[in-house]
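Here's the structure we're looking at; comments come further down.
Each value in this text was obtained by applying a stated rule to the coordinates, not by laboratory testing. Being a predicted model, the structure only gives us computed values, none of them experimental. Cβ placement follows ideal geometry from the backbone for every residue including glycine, while neighbour counts extend to all protein chains displayed.
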Amino acid sequence: MNPIIKAVQLANLAHVGQIRKYNGRPYITHPLRVMNRYMLLPDATMSGACAAVLHDTIEDTNLTKQSLEKTFSDAGTVAGIVVELTNPSKLYPELKRAERKAMDREHIHGASLTARQIKLIDRRDNLCEMDPAGDPSFAALYLNESDKLLDALRGTDAVLEDELHGAIERLSTMLP
């Protein structure tokens with residue numbers, strides 16, 4: 001079976017029953033958009049496309065690095081990228097949010113080019129779905145965190161950085 005089809009099916013199964021916070025759509029719509037945008041990059045790889053659609057599975061589902069390694073022939077690559085995209089702060093819920101986000105930025109800053117590209121796409125997609133009117137204080141906080149994330153990822157991909165910057169700017173004009 002084609003690895004991308006296998007990854008899409010696995011992500012769909014892993015996220016079954018989950019919905020997106022701001023629009024109530026099935027969660028899988030988000031990883032599919034992230035994968036689709038990643039696949040438009042000139043240096044996109046099969047492993048990267050698989051990791052893009054699976055990017056939230058270790059963090060938000062019952063899938064593990066080991067289960068991903070068993071599923072894909074280039075196991076270390078796909079699973080490794082998904083691990084790079086998994087926020088390590090999830091293991092430290094007792095820390096303040098600012099400390100957790102700083103930990104996550106440091107982690108992704110040292111990640112592979114593919115993981116950093118996917119993270120830029122992921123954050124832009126999250127911002128594009130956000131409705132700042134629903135929770136203006138959280139939207140302002142998330143925009144500030146997105147600015148800091150963008151700074152941590154500078155030098156990754158100018159086009160993706162511009163796309164994220166544009167999403168930040170657009171959403172900031174919508175804040176009350």
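Quick check on the stretch 107-176: take the gyration tensor over C-alpha atoms, sort the square-rooted eigenvalues as a ≥ b ≥ c, and tell me if it's rounded (a/c under 1.5), prolate or oblate.
prolate
Looking at the stretch 59-136, what % of the alpha carbon pairs are farther apart than 18 Å?
Tail fraction, whole percent: 54.
Please report, to two decimal places, log10 I(q)/I(0) for the chain at q = 0.16, 0.20 Å⁻¹ as given by the Debye formula with identical point scatterers on the Cα atoms and no solvent.
-0.98, -1.51
What does the charge count near Y92 come to, summing +1 for each Lys or Arg and -1 for each Asp or Glu among other residues with Cβ under 12 Å from its Cβ?
Spelling it out: positives minus negatives among the neighbours equals +2.
What percent does the relative contact order of the chain come to when contacts are Cα pairs within less than 8 Å and at least six residues apart?
Across the chain, relative contact order equals 18 percent.
Quick check: the angle from helix 29-39's long axis to the longest principal axis of the chain, C-alpha only, nearest 10 degrees?
For helix 29-39, the angle is close to 80 degrees.
Using only Cα atoms, tell me the angle between helix 158-174 and the longest principal axis of the chain; keep it within 0 to 90° and round to the nearest 10.
Orientation of helix 158-174: about 40 degrees from the principal axis.
Enter the angle in degrees (range 0 to 90, nearest 10) between the Cα long axis of helix 97-109 and the first principal axis of the Cα atoms of the chain, meaning the one along which they spread out most.
50
Grab the other residues whose beta carbon is less than 9 angstrom from that of T114, score K and R as +1, D and E as -1, and report the net.
-1
Among K70/K96; K6/K96; K65/K148; K21/K96, which pairs are too far apart, with a Cα-Cα distance over 31 Å?
K70/K96; K6/K96
Mind computing the radius of gyration and Dmax over the alpha-carbon atoms of the stretch 1-59? Å is fine for both.
That works out to 11.3, 34 Å for Rg and Dmax.
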